[in-house]
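Data first, discussion second: the structure below is written as structure tokens.
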Amino acid sequence: MAITKCPACSKPISDKAKTCQHCNLELGDASAEDIERKLSHERYQKLSRIQNQSMLAILVFVVGAYFVFMGDFPNTEKGVLMYNLSVAVTAIGFIWYAINRVRTTLTKRK
Ligand SMILES: [Zn+2]
């Protein structure tokens, strides 16, 4: 029995192990190439999920910004509340997008 490295988490595992005890990656009889293919597929799926979220974040940002700049808020308590809400939505959209940018970079770097 030899010790090898898990292709996913790089922690030491037995070369006889069917699954990685650290990250639960199923090794089975898969070759290194199979595992690499599986990992890149998972990475691709993760990236497209983040991409969808980025689109949604941009949409939230645009809608929020539209109301901030174009909205005609009455100078009442309700109007101020609506304005603050629009600013908050814009900020959330922007921050969400920024987070997704960072996640994309981190996922691609791995
Ligand atoms: Zn692992």
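Just so it is clear, none of the values below were taken in a lab; they were calculated from the coordinates. What you are looking at is a predicted structure, and each value in this text was computed from that prediction instead of being measured. Ideal geometry is used to build each Cβ from the backbone, glycine not excepted, and the neighbour counts take in all protein chains shown.
Here are a few things to note about the model shown:
- Under the convention that each Lys and Arg Cβ holds +1 and each Asp and Glu Cβ holds -1, the size of the dipole of the stretch 39-109 around its Cα centre is about 580 debye.
- Close amide H contacts of I13 (hydrogens built in the peptide plane, cut-off under 5 Å, sequence separation of 5 or more or a different chain): T4, K5, C6.
- Dimensionless Rg/Rh of the chain - Kirkwood Rh, Rg from C-alpha atoms: 1.32
- Count of Lys pairs (Cα-Cα under 23 Å; at least 8 positions apart or interchain) in the chain: 16
- For L25, the residues whose amide H sits under 5 Å from its own are C20, ignoring neighbours fewer than 5 places away on the same chain, with H placed 1.01 Å from N.
- Cα→Cβ-extended label distance, 7 Å offset, between S10 and Q45, nm: 2.4 nm
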